[in-house]
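Asks: Before anything else, here's the structure in question.
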């Protein structure tokens with residue numbers, strides 16, 4: 001069965017935690033139309049503070065995906081891996097894996113917080129959004145509401 005994945009990363013520093021930059025960051029899309037590409041590639045969209053949160057599209061190899069995908073008993077088991085662990089903000093325990101039936105899709109979001117080695121470097125943050133569909137999909141599938149939403153975002157202070 002077909003598995004379609006889209007990975008979106010939004011990154012910013014403390015400068016975009018308020019004001020116009022934060023409004024622009026918060027207005028960033030969480031889904032994009034799918035490009036035509038080989039199935040071994042994952043569409044990767046990066047939006048950063050440095051670029052004014054304008055989407056920059058590239059591809060990643062499926063092996064780089066921060067999500068575990070496994071077909072079992074006619075369902076797709078999806079579970080986001082936390083990478084890197086030291087970047088996690090405090091949060092309650094992790095949610096269990098999602099099991100998708102054919103023609104369903106999940107939007108899984110995880111956020112991270114990092115600090116430099118010295119107090120002179122700014123805090124930096126990123127939000128990973130994984131849109132994953134099981135079965136054949138239309139090009140605009142990730143512009144609609146997901147079957148399942150997993151919001152694993154913790155406080156970034």
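Asks: Could you list, in sequence order, all residues of region 14-36 that are over 24 Å from residue 108 (Cβ atoms) and either touching a residue at least 60 places away in the same chain (Cβ under 8 Å) or surrounded by 14 or more Cβ atoms within 10 Å (Cβ to Cβ) (or both)?
Replies: 14, 15, 21
Asks: On to the next question. Does residue 69 satisfy the criteria of being in contact with a strand residue (DSSP E or B) (Cβ under 8 Å, 6 or more places away or on another chain), part of a strand (DSSP E or B), in contact (Cβ under 8 Å) with a residue 12 or more places away in the chain and closer than 23 Å to residue 35 by Cα?
Replies: Answer is yes for this residue.
Asks: Is it true that residue 102 is modelled with pLDDT of 85 or more, in a loop (DSSP other than H, G, I, E, B), within 23 Å of residue 144 (Cα to Cα) and out of contact with any strand residue (DSSP E or B) (no Cβ under 8 Å at 6 or more places or on another chain)?
Replies: Here the answer is no, as residue 102 does not meet what is asked.
Asks: Could I ask something else about it? If residue 93 passes every condition in (1) under 25 Å from residue 133 (Cβ atoms); (2) assigned to a loop (DSSP other than H, G, I, E, B) but one, which one does it miss?
Replies: Of (1) under 25 Å from residue 133 (Cβ atoms); (2) assigned to a loop (DSSP other than H, G, I, E, B), only one is false for residue 93: (1).
Asks: Sticking with this one: Restricting attention to region 134-143, which residues are assigned to a loop (DSSP other than H, G, I, E, B) and in contact (Cβ under 8 Å) with a residue 24 or more places away in the chain?
Replies: 135, 136, 137, 139, 140
Asks: Which of the residues spanning region 6-36 are more than 18 Å from residue 129 (Cβ to Cβ) and in contact with a strand residue (DSSP E or B) (Cβ under 9 Å, 6 or more places away or on another chain)?
Replies: 13, 14, 17, 21
Asks: Quick check: is even one residue across region 107-123 over 27 Å from residue 22 (Cα atoms) and over 18 Å from the mean Cα position of the chain (by Cα)?
Replies: Checked region 107-123: no residue is over 27 Å from residue 22 (Cα atoms) and over 18 Å from the mean Cα position of the chain (by Cα).
Residue by residue, here is whether (1) touching a helix residue (DSSP H, G or I) at 6+ places or on another chain (Cβ under 7 Å); (2) assigned to a strand (DSSP E or B); (3) over 16 Å from residue 150 (Cβ atoms); (4) in contact (Cβ under 8 Å) with a residue 40 or more places away in the chain holds:
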{"site": "47", "(1), (2), (3), (4)": "no, yes, yes, no"}
{"site": "53", "(1), (2), (3), (4)": "yes, no, yes, yes"}
{"site": "58", "(1), (2), (3), (4)": "no, yes, yes, no"}
{"site": "77", "(1), (2), (3), (4)": "no, yes, no, no"}
{"site": "106", "(1), (2), (3), (4)": "no, yes, no, yes"}
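Asks: Check off (1) modelled with pLDDT of 95 or more; (2) surrounded by 17 or more Cβ atoms within 10 Å (Cβ to Cβ); (3) over 16 Å from the mean Cα position of the chain (by Cα) for residue 49 and give me the number that stays unchecked.
Replies: (1)
The values are calculated or read from the model by the stated rules, or taken from the named source; none is laboratory data. Nothing here was measured: the structure is a model prediction, and the numbers come from that model. When we count neighbours, we look across all protein chains shown, and the Cβ atoms used for this are built from the backbone with ideal geometry, even at glycine.
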